[in-house]
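What follows is a single structure, written as structure tokens, with notes after it.
The values are calculated or read from the model by the stated rules, or taken from the named source; none is laboratory data. Since the model is a prediction, treat every value here as computed from it, not as a measurement. Cβ sites come from the backbone with ideal geometry, for glycine too, and all protein chains shown count toward neighbours.
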Amino acid sequence: MTLHFNKLMAGFIAAALLQNAIAADPAPPMAPVAAQDPLRTTTLKLIELLVEQGVLTRQKADALIREANQPAAPAPVAASAPAPVSPAAGDVPPGTVRVPYVPEFVRQQLKDEIRADLAAQAQQEGWAPPGSVPDWVRSMKWEGDLRVRFEHDSFASGNAPQVDVAATNSSRALTLLNTTNSTDRERVRARFGVTADLDEEASVGIRLSTGSSNNPVSENQTLGSYEERLTTTLDRAYLKLTPEPWLTASIGRFEDPMVHTELVWAPDLSFDGAVIKVAPDFFSPATKPFVTFMASPVQEIDLADHNKYLFSWQGGVAQTLSPNTQANLALAYYRYTGIEGVVSPLGTSLYEYTAPLFVQKGNTYYNISADPTRPLLGLASSYHLVDLTGSIDTVVTGPYHAIFTADFVKNIGFDEKAVSERVGEYVAPKTTGYLVRAQFGTEEMTRRNDWQVFLTYKHVERDAVLDAFTDSDFHLGGTDAKGYVIGANYGLSRNTWATVRYYSTDSISGAPLSIDTVQFDLNARF
């Protein structure tokens, strides 16, 4: 645009000088330059300079010179009007600038040149013409994150052997977990997604992530498989409707819509199905109640009358206690249907579909295979969970927050008699879990030198929750575990930070299993 501005100013200056020269000296045609006053000489030199710089063509420059050499026509004077009185030189304030008329052909030339230059720049830089991009495209919001992790898992020497349920069901032969050999792993997690507002009432969301296609609770991918590329999966794909400001509904695959902690749900877990959230706004601005309903298919089964489902309900309130303190309280009920294992009749595989597709470890299992030489393990208990979650977030000073979180869960679906009959021996109910967490520091990691420290204690008994969907880092996943997590975050630059965590966990009532884990993460968000 600097070139356009220079051309425009040069045209204005040339026109101004030309008009002043004509008004000051109406010389006869073809008067010699030497006989003209200095203003006319300067004007003609400027015109020649503009020709040399390519601002004016020779044809237009000659036209300007001819116009300058034309004798000035006498101005018509009305008979009844007095002759205008020219102000004396002393009456004009110092610094006054007279803006003369710019010839039409000069203005048109400048417009054409600017338009041509802008068109060339638009084509080169890929500008979109007005109205060619729909509103929903302009409303698209892109976001993503990348995490690189080094992890060390240390197993105690006194650990007892444990059955690997997932490997046993896959191979149909008894397989044991690694409970003694310490491991080092380098892992990466990458996510990239987009949300787009279609209009004021509808939006869509899509996200890609790394991770295994058959592991719903972790988007980590362990490095070292040089024979294959990293796997990318679609872990979000949903349509969201907002017919009213207080009512939203989503369908597809979406993030966990419930207020929760990692006691019940893994942080990376996404849900299939449909969810409706009602958040009435007729209370005071400080009180924001909500109710959420969700229906999620867990497994579709062709040979069964009913699929495996999760039905969820949660009610809660977000309450502003003071300008610096916010509290949240939520009560949820989660009910799984059709997930219990059923033994197949002798000589058949009729009910083998009742075995879970994905497990971690900790729940009570029993053999549902009709062939004892080909074991297949299914869940012995039902899972109907009542979960109470609360938190308080208070600003201590400046940007620093103190956040306290507590979570308690109880599986009221455990039937002591039915479970013991399925397993073939008495099984005591171990059906409660709780978590407490304290965090201090900046609310989010967005800038250099932001920091947080945190401490978590977690206790989750064998059948308190479904082990398949719990946090895969604590005790390396599953239930029947207790222990603490201590860690810190530190901002390295904008939206880039480092994290260090230390997990120390032990089994509660099952075979001895102690695991210590150290994680060092580098995180980036955009």
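Taking the condition in the same structural domain as Arg335 (by TED's automatic domain parsing), modelled with pLDDT under 95, out of contact with any Ser or Thr (no Cβ under 7 Å at 6 or more places or on another chain) and not charged (D, E, K, R), does Phe283 pass? The answer is yes for Phe283. Name the one entry in Val148, Val106, Val102 that is surrounded by 10 or more Cβ atoms within 10 Å (Cβ to Cβ), in a loop (DSSP other than H, G, I, E, B), modelled with pLDDT of 65 or more and of a type in the set (A, V, I, L, M). Matching residue, one of Val148, Val106, Val102: Val102.
Quick test for you: out of Ala160, Ala166, Ala156, pick the one residue that is crowded, with 18+ Cβ neighbours inside 10 Å and either in the same structural domain as Asp235 (by TED's automatic domain parsing) or modelled with pLDDT of 95 or more (or both). Answer to the selection: Ala166.
Conditions (1) over 23 Å from Leu377 (Cα atoms); (2) touching a Lys or Arg at 6+ places or on another chain (Cβ under 9 Å); (3) not assigned by TED's automatic domain parsing to the domain that holds Asp268, marked per residue:
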position: Val423; (1), (2), (3): no, no, no
position: Arg462; (1), (2), (3): no, yes, no
position: Leu466; (1), (2), (3): no, no, no
position: Gly487; (1), (2), (3): yes, yes, no
position: Ser493; (1), (2), (3): yes, yes, no
position: Trp497; (1), (2), (3): yes, yes, no
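Figure legend. Inter-residue proximity from the range 507-526: first residues at positive phi, second residues buried (at least 16 other Cβ atoms within 10 Å of the Cβ), beta-carbon distance below 7 Å, spacing 6+ or different chains. No pairs are indicated. Scanning the range 171-197 for residues that are loosely packed, with under 14 Cβ neighbours inside 10 Å and under 17 Å from Leu146 (Cβ atoms) yields a single hit, Glu186. When each of Ser250, Ser284, Ser296 is tested for being among the polar types (S, T, N, Q) and surrounded by fewer than 12 Cβ atoms within 10 Å (Cβ to Cβ), the lone residue that passes is Ser284.
In the set (1) surrounded by 13 or more Cβ atoms within 10 Å (Cβ to Cβ); (2) in a loop (DSSP other than H, G, I, E, B), the condition left unmet by Glu200 is number (1). Of a type in the set (Val, Ile, Thr), within 26 Å of Trp497 (Cβ to Cβ) and modelled with pLDDT of 95 or more: is that true of Ile412 in this structure? It is false that Ile412 is of a type in the set (Val, Ile, Thr), within 26 Å of Trp497 (Cβ to Cβ) and modelled with pLDDT of 95 or more. Among (1) under 30 Å from Ala355 (Cβ atoms); (2) assigned to a strand (DSSP E or B); (3) in contact (Cβ under 8 Å) with a residue 40 or more places away in the chain, which single condition is Leu234 missing? Against the list (1) under 30 Å from Ala355 (Cβ atoms); (2) assigned to a strand (DSSP E or B); (3) in contact (Cβ under 8 Å) with a residue 40 or more places away in the chain, Leu234 comes up short only on (3).
Taking the range 321-374 on its own, how many of its residues are more than 24 Å from Tyr309 (Cα to Cα), within 33 Å of the chain's Cα centre (by Cα) and of a type in the set (Val, Ile, Thr)? Residues in the range 321-374 being more than 24 Å from Tyr309 (Cα to Cα), within 33 Å of the chain's Cα centre (by Cα) and of a type in the set (Val, Ile, Thr): 1 in total. Of all residues in the range 483-513, those being in contact with a helix residue (DSSP H, G or I) (Cβ under 9 Å, 6 or more places away or on another chain) and in a strand (DSSP E or B) number 5. Going through (1) out of contact with any helix residue (DSSP H, G or I) (no Cβ under 9 Å at 6 or more places or on another chain); (2) under 25 Å from Tyr502 (Cβ atoms); (3) in a loop (DSSP other than H, G, I, E, B) one by one, Arg447 falls short only on (2). Restricting the range 258-287 to residues that are charged (D, E, K, R) and in a loop (DSSP other than H, G, I, E, B) leaves a set whose member that is nearest to the chain's Cα centre (by Cα) is Asp268. Residues of the range 329-352 that are surrounded by fewer than 17 Cβ atoms within 10 Å (Cβ to Cβ) and out of contact with any Phe, Trp or Tyr (no Cβ under 7 Å at 6 or more places or on another chain): Leu329, Leu331, Pro345, Leu346, Gly347, Thr348, Ser349, Leu350.
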